[in-house]
2 protein chains.
Amino acid sequence: MPSIKDVANLAGVGVGTVSRVINNHLNVTPETMEKVNAAIKQLNYIPNEVARNFKMQKSTMVALLLPSIWHPFFSELAYYIEDELDREGFKLMLCNSGGRPDKELYYIDMLNQNKVAGIIGITYNDIEDGVSTDIPIISIDRHFGKKITCVTSDNYNGGRVALQELIKSGVKKAAYLGITSSIYSEVILRKNGFIDEAEGQGIEYIIYEEKGDVYNDNVYFENFFKIKENRDVDGIFANTDLLAAKYIDRAKKYGIRTPEDVKVIGYDGIQDNKLFHPILSTIRQPVEEMGRMSVKLLLRKIEGETLEQEIYRIPVKYRLGETT
Amino acid sequence: MPSIKDVANLAGVGVGTVSRVINNHLNVTPETMEKVNAAIKQLNYIPNEVARNFKMQKSTMVALLLPSIWHPFFSELAYYIEDELDREGFKLMLCNSGGRPDKELYYIDMLNQNKVAGIIGITYNDIEDGVSTDIPIISIDRHFGKKITCVTSDNYNGGRVALQELIKSGVKKAAYLGITSSIYSEVILRKNGFIDEAEGQGIEYIIYEEKGDVYNDNVYFENFFKIKENRDVDGIFANTDLLAAKYIDRAKKYGIRTPEDVKVIGYDGIQDNKLFHPILSTIRQPVEEMGRMSVKLLLRKIEGETLEQEIYRIPVKYRLGETT
């Protein structure tokens, strides 16, 4: 069966244009309309669910809940989610919901009222009660108590690989640096992978964590360097790139150089150019795949399908930078 | 007259919660509902246009068209626009429309059909024909031929200040580096301010530009350094931070050090921490003010007001980094 993409390709226009012709929108030139209609006829194209939804006034909007779009990891993710939604004829509503459960619940209301077709969310607020399994939601990184489908990077393996790479670069005593959330999410597996790998290889290691809701840069690092046994650490795995960069900056003030004295690996891969230094060695999240897969799974849920798998974990890769 | 914010403050809840109570949404606890209703009664609050729009099923959505959300300047801008819209009871639809005029026209269609209430756009596509003056649109940086309200930073003064700061740091021969667009926008004033300041101060200067649609990092900088008279430049004003960072990186390969041999100033202020180097000296865009003002002006347009001013220019500030 031909798809809307086939029509667009044949007519030499974008999918959005085809959708506009099908739905009798304004701003289509007569020539374009003719080209598209000719392609529809030639391919015997039947507008699919999405196109029909337009006519039936069903919502073609998906809400994306993020702690904050003003963060390179989230803005990259939003970029791919919007792109994938657009390919499928859906639109993106954006909500910065960091620390604002009321905003998240508002969008869940909209979903219950069919004002949005589905939700993709990275959320760390306490909204368990507002979420039920029978509404189309995809959660990134976070597990809900109920069986909400979760898309995430392979955090556990990321933690293992990080320690393997530290050891390869000569590290004898490694520390895991983390900031924790009161909400359980897959992020914790970065630590678990690190610990299991350290135990397996029999290497000395330290776990250093603080709670996100009381986190403060100064206190965090002062306390870290105060502890004598943390001073001779020669390898760091920080659970985000930002935390890795903060460690490097603070360590410098104690005369500790990266990578000469300490090798450092982060997690995320937020640097998309090599213009600013240090270029972090990091476990790169498969952001594009995570974004596109979230959309694909959500659309299947919107169409009423029951997904068999609860968690979709996407492989990560180690990216060598200047800090190991 | 009391506002929805007054009600929220008195009830000790967010504006979104008040809106949810007014509109009989789900996910409001009985206690919250009681608190909000008590506050409404006490203040004699009458739901405003926005709240009424909910009931009347008018759209409370605003579309934001950006070249790409995956860029620190745009994601910061989107952050503040979403926050300001949320305060006013509106929602944000996000569209990455770089190189995709069809996507932009699609949103203009939605506006014409009242599916979105208004549009805020940073757009470099050729969509003049789709845009009319009587629809609520705010354009950032770009002028349309018609009288579309434009919000922008004071680019002209930014260009002047950049050169003044270069001269203060000892520069004798300055170059302006730019990437141009076929669409006329306020960005060009960065160059004009630079030139006027250079002429006024009688300092030697060079203008070096290439078109964005054929731009290529390698070609751009090879050609720049090929020209003999560009080699003894000791000050650079690049029209974006990214271009400034690229210059610094390339110059290094020619043995030119920043700031020892050349002082460099960018434009935007995309670095929001001091963890990655070089920390650029830059003309910082007033991103928060631009975002919030765009929303405020748009809402006035949505309410039918005619704005007197065509262009709103917001002052910029020089931010000292490590490159001057």
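Table for the structure above
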quantity: Sites residue B:114 and residue A:182 - FRET efficiency at Förster radius 45 Å, r taken between beta-carbons, to 0.05; calculated: 0.60
quantity: Computed log₁₀ I(q)/I(0) - Debye formula, equal Cα scatterers, no solvent, region B:155-285, q 0.12, 0.16, 0.19, 0.21 Å⁻¹; calculated: -0.41, -0.75, -1.09, -1.35
quantity: Positive-pole candidate from A:200, A:227, A:178, dipole of region A:155-286, charges at beta carbon; calculated: A:227
quantity: Exposed-loop-free span, longest in chain A, where chymotrypsin sites (Phe, Trp or Tyr not before Pro) count as exposed if DSSP calls them loop and at most 15 other C-beta atoms lie within 10 Å; calculated: A:1-183
quantity: Shortest-first distances to equivalent copies, position residue A:43, nm, label 7 Å out along Cβ; calculated: 5.3
quantity: Angle in degrees between helix B:241-253 and the longest Cα principal axis of chain B, rounded to the nearest 10; calculated: 30
quantity: Net charge of Cβ neighbours under 11 Å - reference residue A:142; Lys, Arg +1; Asp, Glu -1; calculated: -3
quantity: 10 Å-binned pair-distance histogram of chain B (Cα, whole percent); calculated: 6, 23, 27, 20, 14, 7, 3, 0
quantity: Helix axis angle, A:30-43 relative to chain A longest principal axis, alpha carbon, degrees; calculated: 90
quantity: Assigned charges on the beta-carbon of Lys, Arg, Asp, Glu; chain A dipole about Cα centre (debye); calculated: 480
quantity: Student exercise, region A:225-324 dipole from Lys, Arg, Asp, Glu Cβ charges, in Debye to nearest 20; calculated: 360
quantity: Heavy-atom accessible surface that A and B bury in contact, both chains counted, 1.4 Å, Å² to 100; calculated: 4800
quantity: Centroid-to-centroid separation of region B:119-177 and region A:273-324 [C-alpha atoms, Å]; calculated: 35
quantity: Proximal charge balance of residue B:28 [Cβ under 11 Å; K/R count +1, D/E count -1]; calculated: -2
quantity: Alpha carbon convex hull of region A:72-118, projected area averaged over orientations, nm²; calculated: 3.6
quantity: Within a Gaussian network of chain B (alpha carbon springs, distance under 10 Å), most fluctuating of B:77, B:66, B:307; calculated: B:307
quantity: Cα→Cβ-extended label distance, 7 Å offset, between residue A:231 and residue B:9, nm; calculated: 5.2
quantity: Most fluctuating residue given options A:262, A:15, A:116, as computed from a GNM of chain A linking Cα atoms under 10 Å; calculated: A:15
quantity: Estimated distance in nm for a label pair at residue B:305 and residue A:214, the labels positioned 7 Å out from Cα along Cα-to-Cβ; calculated: 4.7
quantity: Neighbourhood charge, 13 Å Cβ-Cβ cut-off, centred on residue B:310 and excluding it, Lys, Arg +1 and Asp, Glu -1; calculated: +3
quantity: Student exercise, the protein assembly as shown dipole from Lys, Arg, Asp, Glu Cβ charges, in Debye to nearest 20; calculated: 0
quantity: Shortest-first nm distances, residue A:277 label point to equivalent points in other copies (7 Å, Cα→Cβ); calculated: 0.8
quantity: Copies compared at residue B:222 - label distances in nm, ascending, label defined 7 Å from Cα in the Cβ direction; calculated: 5.4
quantity: Over 36 Å [Cα-Cα, the protein assembly as shown], rounded percent; calculated: 47
quantity: Two-site label geometry, residue A:29 and residue A:206: point separation in nm, points 7 Å out along Cα→Cβ; calculated: 6.7
quantity: Cα convex hull volume per residue for region B:237-283 (Å³); calculated: 66
quantity: Listed residues B:127, B:137, B:119, most fluctuating in chain B (Gaussian network, C-alpha, under 10 Å); calculated: B:127
quantity: Rounded tilt (10° steps) of A:72-87 against the dominant C-alpha axis of chain A; calculated: 20
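The values are calculated or read from the model by the stated rules, or taken from the named source; none is laboratory data. This one's a predicted model, so the numbers in the text were calculated from it and none came from an experiment. Backbone-built Cβ (ideal geometry, glycine too); neighbour counts: all protein chains shown. Protein only, heavy atoms only, side chains kept; ligands, DNA and RNA dropped before computing areas. Shrake-Rupley method; radii C 1.70, N 1.55, O 1.52, S 1.80 Å.
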